[in-house]
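Comments concern the structure below.
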Amino acid sequence: MQAKTFTSSILALLISGSLLAQSSANPVTSEDSLNNNSSKSATTIGGYGDAFYQRNNYLGTSKVDLERFVLFTGHKFNDQISYFSELEVEDAKVAGGETGGEVSIEQAYLKFNLNANQYLVAGLFTPRIGILNEDHLPNTFNGNERNYVEQFIIPTTWRELGVGFYGSVNNIPLNYTVALLNGLNSNGFVHGTGLIDGQAEGRNASANNLAVTASLQLNLNSFRAQVSGYYGGTVGESKRKADSLGLSSGPFAIPVELGEADIMYSKGGFSTRALATIVNMPDASEINRAFANNTPQTMYGAYLELAYDLLYLNAKPHQQQFIVFVRDERLDMNYQIPGNGVIDGTLDQNDIVAGFTYLPIKNVAIKADVRFITTGKQNPALIINPNPAAYPYQVNNNLVDLGIAFSF
């Protein structure tokens, strides 16, 4: 399936900086208060979660899921040093011998305030990449599911062990970050999931390969523009083992390169946001030769969302919000493949998502949306031992979601 006009238009708008994008201030949570030193208690507790019903109209199936619950705990030792942590449970339950569910530490880091404009973090944290990786509370974005671009191209929530430096420029509304992290593991890459399964997420991560991230963020009242990037090695093996696999070794060997730009803007009841990202793996053929995991050379994604708050009256925001929105998402997880790769048309996808988000208060959301999915055709060469009861692959489908979300 060819890239549609939407994608080229969004990229041009992002580059020109003329696009409007949604800007929604995060609700006041325990984590927020600790982060800005306004917490009245040395130790704070908070969290967030979401649950939703989903109907797959093509398959005729429905499911309900407590997608995630995250418990935040933090402690302020003094005005200079604080601790932040998030414990996440996905799909409500983890049971031995059953698929699904996960218990993981999403963040666990120390923050060191250097001065009014600069601070360091050290530990397991989410670097500033894209819109949702840092600010992913489910009552701050539209739709029950996170947009697919920031699920599959930028694997939100992307967290690794490392150290990060955050700062802002005096007299200029410009923020910046730079961080050093452990790298990804190309042996873990799985066809159809992008970078997701190459993450260590704090568990026995190899420090033989490293990664650097950086971002610049401009904030002008209700307008925010950001660019961010990632560059890191994917070979965590020793030189001896890497040589045996025919792979180069070193901190940045067999690299992953990611670039991203996004814009958010709001005025009155209108808001909009847009993001574009591209991932390049120039040595994907070497990964495929060593691990036979059909790693692509290039992936990309972009989306544009428009929204309006129907309860915004008399040029003043209402305590309640009823936001209607539409979002166009475009992603291709095998835009370019190496010579030893196999194309998968189902990973070339264009979705339209439309629905509403009702917030009786800013920390609670009731959501409904429908996702219209269009993909390329299935490649028979990738079908091994097909299930005789399986439906034929459908390039057009739609999902209906109803759910709730909260943070505190």
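Here the Gaussian network model covers the chain, with springs between Cα atoms less than 10 Å apart; of Ser168, Ser85, Ser38, Ser38 fluctuates the most.
Given the convex hull of the Cα atoms of the stretch 285-378, what is a quarter of its surface area in nm²?
Here the figure is 8.4 nm², rounded to one decimal.
Springs between alpha-carbon pairs under 10 angstrom, Gaussian network model over the chain: which of Phe125, Phe291, Phe325 fluctuates most? Ranking Phe125, Phe291, Phe325 by mean-square fluctuation puts Phe291 first.
Given Cα pairs under 8 Å that are at least 6 residues apart, what percent is the relative contact order of the chain?
Worked out over the chain, it gives 16 percent.
Can you tell me which aspartates and glutamates have their Cα less than 13 Å from the Cα of Lys93? Leave out same-chain residues fewer than eight positions away. Straight-distance partners of Lys93: Asp65, Glu67, Glu102. A Gaussian network model of the chain, with springs between Cα atoms under 10 Å, assigns the largest mean-square fluctuation among Val190, Val279, Val235 to Val190.
May I ask you to derive the relative contact order of the stretch 336-402, considering only C-alpha pairs under 8 Å and at least 6 residues apart, and to give it as an integer percent?
Across the stretch 336-402, relative contact order equals 35 percent.
Gyration tensor over the Cα atoms of the chain: the corresponding equivalent ellipsoid has semi-axes (square roots of 5 times the eigenvalues, largest first) of 32, 28, 22 Å. Taking a Cβ cut-off of under 14 Å around Thr44, the surrounding Lys, Arg, Asp and Glu residues balance to a net charge of 0, with basic ones at +1 and acidic ones at -1. Measuring between their Cα centroids, the stretch 379-408 and the stretch 205-236 lie 31 Å from each other.
Please identify the longest segment of the chain free of exposed trypsin sites (Lys or Arg not before Pro), where exposed means a DSSP state other than H, G, I, E or B and no more than 11 other Cβ atoms within 10 Å.
204-408
Convex hull volume of the C-alpha atoms in the stretch 325-385, normalised per residue: 141 Å³. Summing charges over neighbours of Tyr83, with a neighbour being any other residue whose Cβ is under 11 Å away from its Cβ, gives +2 when K and R count +1 and D and E count -1. Taken about its Cα centre, the chain carries a charge dipole of about 480 debye when Lys and Arg each add +1 at the Cβ and Asp and Glu each add -1 at the Cβ. Within the set of other residues whose C-beta is less than 15 Å from the C-beta of Gly259, count the net charge using Lys and Arg as +1 and Asp and Glu as -1. Here the count lands on -3.
Any read-out appearing in this document is the output of simple, stated calculations on the displayed coordinates, not a laboratory observation. From a predicted model like this one, the values you see are computed outputs, not experimental measurements. All Cβ positions, glycine included, derive from the backbone under ideal geometry; neighbour counts span all protein chains shown.
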